[in-house]
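> Here's a structure for you.
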Amino acid sequence: MSSTTIEQKLEQLYAALAEMRVTEKLASMRPARVDSGGRFAATLDFTKIEKPATAANRVSTLVSNIASLKDHLHAWCRKNGKPETGDQLINSDRDVAIIHDLWNLDKHAELNRPSRSGLSPRLQPAHTTLEFKVTTSEETPLITIPVFGGPIQAHGDANVRITATVVDKDGNSLGDLEPICLRAVAAWQAEFVKAGIKIVPSPEQQKEYTRLSALLQAIGIRHRPELPSGATSLLMKVMDGNVLVEVYDRMGKKIGDIPDAKTSSALRDALQQTFQSAISPDHDGVIAII
């Protein structure tokens, strides 16, 4: 198997991720009118923009594309005389393991082997939802609903996406599927790079990295006085919802971590509120020059 085949598989994966976005279907939505006592109300149910079967199929395709990366990596490693590390990644990364369990469940209707994540995860029914992202753009993310008719429209980084909640064997939430998928994809891509495979990020990943980097840069510049002396770049990671930033000087030497005991509440809140739900396209984090 060649790296070209892996690239093709990644293109399929990116296409499956893109198909989770169904913003274009907003235009076909119509409010439901409810009359009562001479008054009326108009309601909009954004969870029903996409048909349940279509949403379920897209979720299944996405999970399958991610989980099958292990076999593609192993085939490449065998051909190139490299150690097969896919199973090690599954055993060490919760998000990757959850996706592998969901794939096994989808194929066999039940887990036919011990849960790789130890959580025996399953999916709640997929549906559509509104998404608004923090952005550096001048265009505010919003949804416009014309009072006197006309199509509903999304502006800025406002989207309608297919979503599904992942729960464990006891029904406890493990998070939304797409963030788990994005983290798993980043982990697989990092594993490809370690094996020696050249990976080109998708346009969507490059755009998201640029967006996150710009937000980090703006925070770093605004709060520069409280950063370690000589700071020229920041590396941001999100670990279990906690935002951690490493500070580097112009020689690439790490000179500090934030937040620390001296970090102001303003900087701490800015980092947490901006990035706590962010998914970096790069498994190693997001870099910003300040």
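> If we keep just the residues of region 121-133 that are surrounded by fewer than 17 Cβ atoms within 10 Å (Cβ to Cβ) and part of a loop (DSSP other than H, G, I, E, B), which is modelled with the lowest pLDDT?
The extreme case among them is 133.
> Could you check region 195-242 and list, in sequence order, the residues that are closer than 21 Å to residue 283 by Cα, over 18 Å from the mean Cα position of the chain (by Cα), exposed (fewer than 12 other Cβ atoms within 10 Å of the Cβ) and of a type outside the set (Gly, Ala, Ser)?
198
> Further, regarding this structure: Please tell me if residue 49 is farther than 21 Å from residue 162 by Cβ, open to solvent by less than 80 Å² (accessible area, probe 1.4 Å) and either touching a residue at least 60 places away in the same chain (Cβ under 8 Å) or hydrophobic (A, V, I, L, M, F, W, C) (or both). Working first, answer last.
Details: farther than 21 Å from residue 162 by Cβ: no; open to solvent by less than 80 Å² (accessible area, probe 1.4 Å): yes; either touching a residue at least 60 places away in the same chain (Cβ under 8 Å) or hydrophobic (A, V, I, L, M, F, W, C) (or both): yes.
The answer is no for residue 49.
> Go through (1) within 25 Å of residue 123 (Cα to Cα); (2) of a type outside the set (Val, Ile, Thr); (3) more than 23 Å from the chain's Cα centre (by Cα) one by one and return the number of the condition residue 52 breaks.
That leaves (3) as the condition not met.
> Got a sec? Which of 8, 12 is open to solvent by 80 Å² or more (accessible area, probe 1.4 Å), modelled with pLDDT of 90 or more, out of contact with any Asp or Glu (no Cβ under 6 Å at 6 or more places or on another chain) and closer than 18 Å to residue 197 by Cα? Step through it out loud before you land on a result.
Working: 8 fails: modelled with pLDDT of 90 or more.
From the options 8, 12, the qualifying one is 12.
> Does residue 35 satisfy being out of contact with any Ser or Thr (no Cβ under 7 Å at 6 or more places or on another chain) and closer than 30 Å to residue 145 by Cα? Give the steps one after another, and end with the answer.
Values: out of contact with any Ser or Thr (no Cβ under 7 Å at 6 or more places or on another chain): yes; closer than 30 Å to residue 145 by Cα: yes.
Criteria met by residue 35.
The values are calculated or read from the model by the stated rules, or taken from the named source; none is laboratory data. Keep in mind it's a predicted model, so treat the numbers as computed, not measured. Using ideal geometry, Cβ is built from the backbone for each residue, glycine included, and neighbour counts are taken over all protein chains shown. Heavy atoms of the whole protein, side chains included, go into the accessibility calculation; ligands, DNA and RNA do not. Shrake-Rupley method; radii C 1.70, N 1.55, O 1.52, S 1.80 Å.
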